[in-house]
Every structure is written in C-alpha cells, then in structure tokens.
Amino acid sequence: MVPIQAEQQAKLVSLFKETLGQDEYTKLLSGEPSIQKYLDAGKQVSFESILPLLRISGSAQFTPDQENRYWSALQTALVSNEETDWQQIVDDTVAAIKDYRNRKNDARNRIFALVDNATYDKEVRVHWRTSYLQYNTSFTAAALSFLTEDFDVTLIPYCANEEVPVWMRKRAIARVINDADNKEEVSNLIASYWNTLIADFRKAMAEAKPRSASVSDSDTSYPRLTCYNVEQLLTPDISSATWPLQMATSFSGHDSTRRKISGLLAIGTEQAKISSLILSAAEHARQQKKSNPSINELTLAEAVAVVEGYLRDMRAFWQFRSSDFHAIYRWLEDGAALVEVPEVLRWWLENDEKNHLCSSIPEGEPPAKDKPVVTIEDKVIKVDGKIITDEQLRENIEKLGEVIGKI
C-alpha cells in the first residue's frame, strides 16, 4: 500500500521507538489492535517531527482484499444496537458540520491574508460560487437524505424478510427505483459543479503569489503535505466505498479518524499500523491548532488543505448511486435465493444489530438576497410553500449551473 517507501518507513519506526519507547512501540504493533491505544500514542508524537520523514507523491494503493477489510471494519463501527442514542449522534454530527464550516471560513480568511490580489480575486469568486451552490442544493440534499433513510431503515429489512412474499417485496422496491435513478442523475449533475469549483480552486492556488515577503515562495507551493490532507493520502479512496460509508469518513475530525484507524488496523500490515499512528498524530495536531488558533496560526499550505478538503467532502455527498436498488430488484426477480443475496442485503442478514447508515447533507450559507423559504413537513419538501417534484429538482439544478457560471 505504498506510498510510504522502505527508507521512510525505517526512519518513522526509529522516530516512534524513540518517542514512545521500544517496549511500548513493540506492544502497540504486535499486541491486540486497539484504536484507543493508537489515538493515545499519537498524542505523544509531534506531527511536525513526522513531516520531514514523509515524501508522499500520491495516494496509497490498496489490494481489493485490503479495501474490503478496511470498509468492513468501518461498516462494523457504524452498526449499533437499540441502546444507541441516535438523536445524540445526529446532534453531534450537526455540530461537527458547523464546526467544519467555521474552520473552512477561517482558513479562507487566512488565504486571503497571505496571497496577492490576483489570487485573492480568484478565490473570492470560488468562495461565492461555493456558498451559492451549497445553499441552493440544500433542499435537494434533504430529498436525497429521506430516500436513503427510508432505504436503510425500512426497505432493506422489508426486502430481506423471507416471510413477506417475493412479489410484495419486489413491488416495494420497484416503487422507488425511478426515484433513485432520478436522484442519481441530479447527484451527478451537482457533483460536476463541485468538480469545476475544485479545479478552479486548485488552479488558483497553483498560481498563487505571496502578498508579502513574510510568506516565502516555498509556503505557496501546491500541494503540500499537512495534518489536514494526510488522511486522504494514507487511506483508501472513498469513491470505492458505498455512498453511506463515504459520508461516514468524509469529515476530518476525531470520529472520522477513529473510524479510519479501525479500518487500517483491520488491514493489519506494519505500514497500515504506522499510517494509523500518523493519522493519530495529525488529528492531535489539528486539535491543538483548533484550541489555540492565535498561537498555532495556519500556514498557507494548511489553509489551502482545509479549504480543498472541505470542497472535496462536499462533492463526496453527491456520489449517490441507485445500483443497490436495482441489485435488490434483480435478486427478487430471480427468486430471492439466499446464496445469491446482494451485498447490501448480506450485511443486514448477517448482523442482528440495526443498521443506520443514512446521512444528511449540510445546508450551505445563505446568499445575501433572493433566499427561498424552504420547509419540510412529514418528509415533503416545499419551497415558498410549493411542493417540489423530482422534475422541478432537476430543472432547478440545471438552472443553478447557469447561474454559477456567471458568478
């Protein structure tokens, strides 16, 4: 799972042994994998001491078996029993999203302070297009969330229930397939808008010039490895995961890092365990910068990594696919043999716990004017008091693309 080369790995091992102690490091790597122990160990290792030893030219590559181990571990971490306080999880997620948006705004302000006027103008344009896109797709996001929630909580258990006649299960999934297909088309369209914004941001940062001599040329080089983008480089590409799992690992933060470490430990190789330590140290560094922003001010490279990560994570919300709906329908049409059960149903059948993998998409910052009144009543979305159909959703998103292109 390169990209950590053998020479780099040897130097990292020496650093960890020196910092943690030979015995502690040996116990950590050879003992029973413990996520908490890796998180605790990461607090003892300075991410700044790790950075000079890392020369990563691209993302790590994983074998199919390693990816399966990784995503299975994450999915296990997301399955819980009936005692789980789901409302608390929702509240915590909303708080994390708001915090992430605030961090993105702080990072943008830092970029504005450090780059020249030409780059400033380019980034301001990306900023306004981002806010406009995010806010005006919020009701589409809500509709998508309702669909996935109904699929996870209601449809999957119903379609897996052998006591229900096949024709009834088939009819239930058939009712929502067209809806899922429509949502996939809209999702793809919105994802394309995010791709354009990401490309424009990367181009602006690659051409960035410092505002003053206090920012060295090396500080404006792009991209650079930081505690804000290292997770992306050392873990599997989220586009290979199911849509709900992409949501669970998008936002950087303690919970996301914990899940990613659980996946790396499930892979079990020495490099995966070393990567877990690096992720832990990076999360500790992020928390330190968050708690003391005036002392631990973001460098330009770190600010760029935060903003780009935010744009990437927003795009990840729009990777919805209707393939699971079709797979269940085909399985039922073929007779619903348990030996050929689709993967999305297999997990539910093999686990007693209730599976809640649905996720909502955060509403963006409202524009200064022309703000529509969006209300949700019994999962029915209304804009300015009128119910929004799938056809209207698509039309609105297509018009949105035209508006964004003019900003």
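Of all positions in the stretch 206-214, at least one carries a residue that is of a type in the set (Lys, Arg) and modelled with pLDDT of 80 or more.
Would you confirm, using the coordinates I've provided, whether VAL341 is of a type outside the set (Ser, Thr, Tyr) and in contact with a Lys or Arg (Cβ under 8 Å, 6 or more places away or on another chain)? No.
The set of residues in the stretch 2-24 being free of Cβ contacts under 8 Å to residues at least 12 places away in the same chain and part of a helix (DSSP H, G or I) consists of ALA6, GLU7, ALA10, SER14, LYS17, GLU18, GLN22, ASP23.
Taking the stretch 260-296 as the range and being β-branched (Val, Ile, Thr) and crowded, with 16+ Cβ neighbours inside 10 Å as the test, the residues that pass are ILE261, ILE267, ILE274, ILE278.
Here VAL339 fulfils each of the conditions (1) at pLDDT 85 or above; (2) over 16 Å from LYS170 (Cβ atoms); (3) out of contact with any helix residue (DSSP H, G or I) (no Cβ under 9 Å at 6 or more places or on another chain); (4) not polar (S, T, N, Q) apart from (1).
Residues of the stretch 276-304 being part of a helix (DSSP H, G or I) and more than 17 Å from LYS43 (Cβ to Cβ), which ones? Listed by number, the residues that qualify are LEU300, ALA301, GLU302, ALA303, VAL304. Within the stretch 318-333, residues that are touching a residue at least 40 places away in the same chain (Cβ under 8 Å) reach partners that are exposed (fewer than 15 other Cβ atoms within 10 Å of the Cβ) and hydroxyl-bearing (Ser, Thr, Tyr) with beta carbons closer than 7 Å, at six or more positions or on different chains, in the pairs GLN319/SER239. When each of LEU15, LEU39 is tested for being surrounded by 14 or more Cβ atoms within 10 Å (Cβ to Cβ), hydrophobic (A, V, I, L, M, F, W, C) and more than 20 Å from THR235 (Cα to Cα), the lone residue that passes is LEU15. Can you name the condition, by its number, that ARG315 falls short on among (1) in a helix (DSSP H, G or I); (2) touching a residue at least 60 places away in the same chain (Cβ under 8 Å); (3) crowded, with 21+ Cβ neighbours inside 10 Å? (3) is the only condition that ARG315 fails. Restricting attention to the stretch 99-141, the residues that are modelled with pLDDT of 85 or more, surrounded by 20 or more Cβ atoms within 10 Å (Cβ to Cβ) and either among the small types (Gly, Ala, Ser) or outside any helix (DSSP H, G or I) (or both) total 2.
Of all the listed residues (ARG125, ARG169, ARG129, ARG211), the sole one being within 30 Å of ALA336 (Cα to Cα), basic (Lys, Arg) and over 20 Å from the mean Cα position of the chain (by Cα) is ARG169. Could you tell me whether the stretch 252-263 includes any residue that is modelled with pLDDT under 80 and either more than 18 Å from the chain's Cα centre (by Cα) or over 16 Å from GLU302 (Cα atoms) (or both)? Yes - at least one qualifying residue is present in the stretch 252-263. Checked against (1) aliphatic (A, V, I, L, M); (2) surrounded by fewer than 17 Cβ atoms within 10 Å (Cβ to Cβ); (3) at pLDDT 90 or above, LEU197 passes all but a single condition, namely (2).
Of the residues that make up the stretch 67-79, is at least one part of a loop (DSSP other than H, G, I, E, B), more than 22 Å from GLN232 (Cβ to Cβ) and at pLDDT below 65?
If we filter the stretch 67-79 for residues that are part of a loop (DSSP other than H, G, I, E, B), which is where we start, we get none.
The answer is no, given that none of the residues of the stretch 67-79 is part of a loop (DSSP other than H, G, I, E, B), more than 22 Å from GLN232 (Cβ to Cβ) and at pLDDT below 65.
Quick check on ASP152: is it acidic (Asp, Glu) and under 24 Å from ALA208 (Cα atoms)?
It is false that ASP152 is acidic (Asp, Glu) and under 24 Å from ALA208 (Cα atoms).
Beta carbons closer than 7 Å, at least 6 apart along the sequence or on distinct chains, pair a first residue in the stretch 269-288 that is modelled with pLDDT of 90 or more with a second that is buried (at least 19 other Cβ atoms within 10 Å of the Cβ) and of a type in the set (Lys, Arg) for LEU279/LYS260.
The values are calculated or read from the model by the stated rules, or taken from the named source; none is laboratory data. Just so we're clear, the structure is a prediction, and the values are computed from it rather than from any experiment. Please note: Cβ atoms are built from the backbone with ideal geometry, for glycine as well, and neighbour counts cover all protein chains shown.
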